[in-house]
Every structure is written in structure tokens, then in C-alpha cells.
1. Taking 8 Å as the Cα distance limit and 6 or more residues as the minimum spacing, I'd like the relative contact order of the chain as a percentage.
2. For labels at Phe145 and Asn76 in the simple 7 Å Cα→Cβ model, what's the distance in nm?
3. Quick one: helix 2-47 against the long Cα principal axis of the chain, what's the angle to the nearest 10°, folded into 0 to 90?
4. Counting other Cβ atoms within 10 Å, which GluC sites (Glu not before Pro) in the stretch 29-100 have at most 13 and lie in a DSSP loop?
5. Using Cα centres only, tell me the gap between the stretch 112-165 and the stretch 1-41 in whole Å.
6. Among the trypsin sites (Lys or Arg not before Pro) in the stretch 7-96, which ones are in a DSSP loop with at most 10 other Cβ atoms within 10 Å of the Cβ? Mind listing them?
7. Tell me the net charge near Asn76. Cut-off is 15 Å between Cβ atoms, Asn76 excluded, with +1 for each Lys or Arg and -1 for each Asp or Glu.
8. With r defined as the distance between the Cβ atoms of Lys110 and Val43 and R0 fixed at 25 Å, what FRET efficiency is calculated, to the nearest 0.05?
Amino acid sequence: MKFILVAIVVIGMGYIGFGLSKYYRKRKRFFEDLILLCEKLCVEISFSKENLSSIISSNLSYFSKDFVEVLNAYLNYLNNNGQTISSEAFFKKSTLIKEEEKEAITVFFKSLGRLDATSQVSEIQNFKTKFSDFKMLAEEENKKFGSLSLKLMILLGLLVVIILI
């Protein structure tokens with residue numbers, strides 16, 4: 001009976017640690033997807049001259065689930081021309097992004113399609129550098145806390161097991 005309880009406690013704590021480390025990996029992937037979107041938009045705006053909604057909808061398969069939710073909210077915004085959008089509408093379900101980052105991403109999406117092609121590409125490049133800074137911070141957090149949370153939760157599980165025995 002004790003062995004079953006020990007296994008349940010250690011596996012449960014390991015699962016919690018895995019969930020915490022998954023948060024940091026998702027956050028890093030979100031910013032990687034955002035930078036990839038910037039690159040795709042620059043190329044598509046420069047060469048194909050398609051409209052913004054078709055560019056985004058044709059590239060949805062390249063992105064993670066969390067980022068696709070944001071892109072779908074943006075596509076809904078594009079389809080409802082008169083509607084204004086806030087950062088809460090873009091990030092309804094997402095807890096990955098901090099408030100400062102949410103505001104920067106919302107300003108980015110609001111600015112898309114407002115300028116001519118060459119000005120738009122240069123503005124996207126400016127946002128891309130800002131998003132690269134966010135990505136670097138997310139990578140640092142992932143390196144610091146990602147694997148650490150898994151290891152600490154397993155050690156905490158072992159500590160609880162030792163206390164129980």
C-alpha cells in the first residue's frame with residue numbers, strides 16, 4: 001500500500017512540474033510564432049500583394065494552437081470592419097502573455113493594413129525586433145524555470161514521501 005501511495009505522490013508532483021515547464025515552453029513557442037508571422041507577412045506583402053486576411057488564413061497551419069487562437073480573433077476583427085478590438089479580445093483564454101506584451105501585440109495587429117506596402121514592411125520589421133526581445137526573455141525564463149520546475153516538483157514529491165514514511 002505504501003508503494004502505491006509513494007508512486008502516486010511522486011508521479012502527481014512530477015505531473016505538476018511538467019505542467020509548469022510546459023507553460024514556459026508554450027510561451028517561448030508563442031513568440032517564435034509571432035516572429036514567424038512577421039517574416040511571412042513581410043514576404044507576402046512585398047511579393048504577392050494579397051489581402052491580409054487571406055495571407056493569415058493560408059498560413060494558420062504553421063503556428064501553435066495558442067497563437068492560432070489569437071490569429072482567429074484577429075481574423076474576426078478583420079471581418080467585422082467597424083468593430084474595435086482590445087487586448088482582452090485577442091487574449092481571452094491565453095495566460096501566457098504579460099500585460100506589456102499584450103499591449104504591444106495588440107498595437108501590432110491594429111497597425112496591420114493601415115499603411116502602404118513599403119511602409120508596412122518597415123513597420124513590421126520594427127515590431128519584429130521588439131518581439132525578438134520578448135522571445136529572448138521567454139527563452140531565458142524557459143532555461144531558468146522550465147526544467148527547474150520539473151526537478152523541484154519531483155524533489156518535493158520525494159520529500160513528501162520521506163515525510164510520510
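1. Details: 125 pairs, mean separation 84.0, N = 165.
Over the chain, the number comes to 51 percent.
2. Placing both labels 7 Å beyond Cα along the Cβ direction yields 2.8 nm.
3. 10
4. Passing both the DSSP loop test and the Cβ count: Glu50.
5. 12
6. Here the sparse-neighbourhood loop sites are Lys49, Lys92, Lys93.
7. Once all neighbours under 15 Å are counted, the net charge is +1.
8. Between Lys110 and Val43 the formula returns 0.70.
Readers should treat all values here as calculations from the given coordinates under stated rules, not as data from a laboratory. The structure presented is a predicted model; accordingly, all values stated were derived computationally and were not measured. As a convention, Cβ positions derive from the backbone with ideal geometry for all residues, glycine included, and neighbour counts pool all protein chains shown.
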